[in-house]
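Below is one structure, written out as structure tokens, with a few remarks after it.
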Amino acid sequence: MNQDPVARYKEILDVTRQAAQQLAERERRRRVTVVTEITAANRAITAATEQEEQVRKEISGWWRQVAARMDGVPWISPGKPPEPDPAGRPDRLDEYIAEIEPATNTFTSVLRKAVWPKKLP
């Protein structure tokens, strides 16, 4: 153990400096990764919010059409507009929407038959 203390000190400082640089680089990469993930998540949230608003508008439009068809038919009331279903699965949105138009058409057809000969709007 006749090692020069100054050389040993410089070696320790060099190892410490390298470790600090590696840590700083790792933290910089992690920061970039986190910012990228946050940005992507923010975009996904924005897109989902816009899609949700679009679906709400579509559903409200269909509801208004159905309610308008019931206008003047005293024995039926449209009731409250539909609320979003928290149990609904976003991955099945296309299926849900695909069910609405045929159901609306069926309802309109049945309503026409029920109020015949009066015309629906």
Apart from one, (1) touching a Leu at 6+ places or on another chain (Cβ under 8 Å); (2) of a type in the set (Ser, Thr, Tyr); (3) without any contact (Cβ under 8 Å) to a residue 12 or more places away in the chain all hold for Thr108; the odd one out is (3)
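Let's see how each residue does on (1) hydrophobic (A, V, I, L, M, F, W, C); (2) farther than 13 Å from Ile97 by Cβ; (3) free of Cβ contacts under 8 Å to residues at least 60 places away in the same chain; (4) in contact with a strand residue (DSSP E or B) (Cβ under 9 Å, 6 or more places away or on another chain):
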position	(1), (2), (3), (4)
Val35	yes, yes, yes, no
Ala40	yes, yes, yes, no
Ala44	yes, yes, yes, no
Ala48	yes, yes, yes, no
Gln54	no, no, yes, no
Ile59	yes, no, yes, no
Arg69	no, yes, yes, no
Pro78	no, yes, yes, no
Residue hits (segment 58-92; assigned to a helix (DSSP H, G or I), over 30 Å from Lys118 (Cα atoms) and either modelled with pLDDT of 85 or more or in contact with a Phe, Trp or Tyr (Cβ under 6 Å, 6 or more places away or on another chain) (or both)) are Asp91, Arg92
- Check on Glu52, more than 14 Å from the chain's Cα centre (by Cα) and assigned to a helix (DSSP H, G or I): no
In segment 92-121, anything within 17 Å of Trp75 (Cβ to Cβ) and charged (D, E, K, R) is listed as Arg112, Lys113, Lys118, Lys119
Conditions (1) modelled with pLDDT of 85 or more; (2) loosely packed, with under 12 Cβ neighbours inside 10 Å; (3) in contact with a Lys or Arg (Cβ under 9 Å, 6 or more places away or on another chain) -> Phe107 fails only (2)
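Keeping to segment 98-121, report how many residues are out of contact with any helix residue (DSSP H, G or I) (no Cβ under 7 Å at 6 or more places or on another chain) and either closer than 30 Å to Ala44 by Cα or part of a helix (DSSP H, G or I) (or both).
So the count comes out to 13.
If you scan segment 33-53, which residues turn out to be of a type in the set (D, E, K, R) and under 19 Å from Arg89 (Cα atoms)? Don't jump to the end; show me each part of the working.
Of all residues in segment 33-53, those of a type in the set (D, E, K, R) come to 37, 43, 50, 52-53.
Of everything in segment 33-53, those that are of a type in the set (D, E, K, R) and under 19 Å from Arg89 (Cα atoms) turn out to be Glu50, Glu52, Glu53.
The values are calculated or read from the model by the stated rules, or taken from the named source; none is laboratory data. Being a predicted model, the structure only gives us computed values, none of them experimental. When we count neighbours, we look across all protein chains shown, and the Cβ atoms used for this are built from the backbone with ideal geometry, even at glycine.
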